[in-house]
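Trainee: Have a look at the structure that comes next, please.
The values are calculated or read from the model by the stated rules, or taken from the named source; none is laboratory data. Not measured: the values here are computed from a predicted model. Here the Cβ is made from the backbone with ideal geometry for all residues, glycine too, and neighbour counts use every protein chain on show.
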Amino acid sequence: MSDYLVAMEAAWLVRDVDDIDDAIGVAVSEAGKRLNQKNKEYVDVEVGVTGCPACGEPFDSAFIAANTALVGLLLEIDIFNADTEEHAARIAKSEVGGALRDVPLSVIEIVETEADDDEN
């Protein structure tokens, strides 16, 4: 069994907002509260990045139309003792999806991590 870092992308809607920075702040805050309850921080929440179609430079994944923002969030979670990468992805989607009902999720990267051998 191996340990994995699973990165997912989530599409978060923020209503009644005028500014991109406010939309990003609200999205990260709301997602963080729902994912990391009871002083257990196990999911890292950040704003995602999208490449500019013209120049390729990355920019924050957020768009506002009609005072409603769509913010792309990057969610990272450590999964321990999974059989395969696919197994780790299923566990991650189950854990995160349970807290973020009705939020579209997509696994974008899975990285096998080294197990800590701190036995004395």
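Trainee: Tally the residues that are surrounded by 12 or more Cβ atoms within 10 Å (Cβ to Cβ), aliphatic (A, V, I, L, M) and more than 15 Å from the chain's Cα centre (by Cα), restricting the search to the stretch 58-87.
Mentor: 3
Trainee: Determine whether residue 28 is within 16 Å of residue 103 (Cβ to Cβ), of a type outside the set (Asp, Glu) and part of a helix (DSSP H, G or I).
Mentor: In short, yes.
Trainee: Right, here's the next one. Quick one: which strands (runs of 3 or more DSSP E) sit completely within the stretch 38-112 and have at least 3 residues that are under 21 Å from residue 14 (Cβ atoms), modelled with pLDDT of 90 or more and not aromatic (Phe, Trp, Tyr)?
Mentor: By residue number, 43-47, 62-65, 68-82.
Trainee: Further question: Which residue is farthest from residue 26 (Cα to Cα), if the candidates are limited to the stretch 54-81 and must be touching a residue at least 40 places away in the same chain (Cβ under 8 Å) and among the acidic types (Asp, Glu)?
Mentor: So the residue we want is 78.
Trainee: Which pairs turn up if I take residues in the stretch 19-30 that are crowded, with 16+ Cβ neighbours inside 10 Å and look for partners that are of a type in the set (Asp, Glu) with beta carbon separation below 9 Å, at least 6 apart in sequence or on another chain?
Mentor: Final answer for the pair search is 20/60; 24/60; 28/46.
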